[in-house]
Amino acid sequence: DDRRPVTLIYGGKGGEYLFREEIDEIAEAMDSVQVHYVEGRKAIASTLMEAQTEHGNNARYYLSGLPVMIKAYEAQLLEGGVSKNRLMYDPFNGY
């Protein structure tokens, strides 16, 4: 199977993750998909750093969430040597 590997780092609170069942079904069906459910900024940053160290500029980074969160993780990736053209954004301002 030559599918591109996908690593999802999903930050949540209190063990709540929207669409978790569906995401888990996809991950179970596709060997190329890894999911990391993490809680808190430090855990997200640490897991993102691991992915960045492993993949560097050979990956695309899709950042979705509040604009302030996106800026923080964008800065982490850029400081770690990831090129800006490897980043994509999906800002979410809430309901």
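The values are calculated or read from the model by the stated rules, or taken from the named source; none is laboratory data. Just so it is clear, the model here is predicted, and its values are computed rather than measured. Positions of Cβ are generated from backbone atoms using ideal geometry, with glycine treated the same way; all protein chains shown enter the neighbour counts. Accessible surface areas use protein heavy atoms only, side chains included; no ligands, DNA or RNA. Shrake-Rupley method; radii C 1.70, N 1.55, O 1.52, S 1.80 Å.
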Please determine whether any residue of region 53-62 is touching an Asp or Glu at 6+ places or on another chain (Cβ under 8 Å) and either open to solvent by 50 Å² or more (accessible area, probe 1.4 Å) or not in a loop (DSSP other than H, G, I, E, B) (or both). yes
For region 23-38, state whether one or more residues are closer than 15 Å to Ser64 by Cα, free of Cβ contacts under 8 Å to residues at least 60 places away in the same chain, of a type outside the set (Ser, Thr, Tyr) and not in a strand (DSSP E or B). no
Given the conditions (1) open to solvent by 100 Å² or more (accessible area, probe 1.4 Å); (2) more than 21 Å from Arg3 (Cβ to Cβ); (3) among the hydroxyl-bearing types (Ser, Thr, Tyr), report the number of the one that Tyr89 does not fulfil. (1)
Candidate set from region 1-38 (those that are hydrophobic (A, V, I, L, M, F, W, C) and surrounded by fewer than 13 Cβ atoms within 10 Å (Cβ to Cβ)); member that is farthest from Ala72 (Cα to Cα): Ala29
I'm trying to understand the selection: among the residues of region 39-52, which are touching a residue at least 24 places away in the same chain (Cβ under 8 Å) and open to solvent by 70 Å² or more (accessible area, probe 1.4 Å)? Glu39, Arg41, Met49
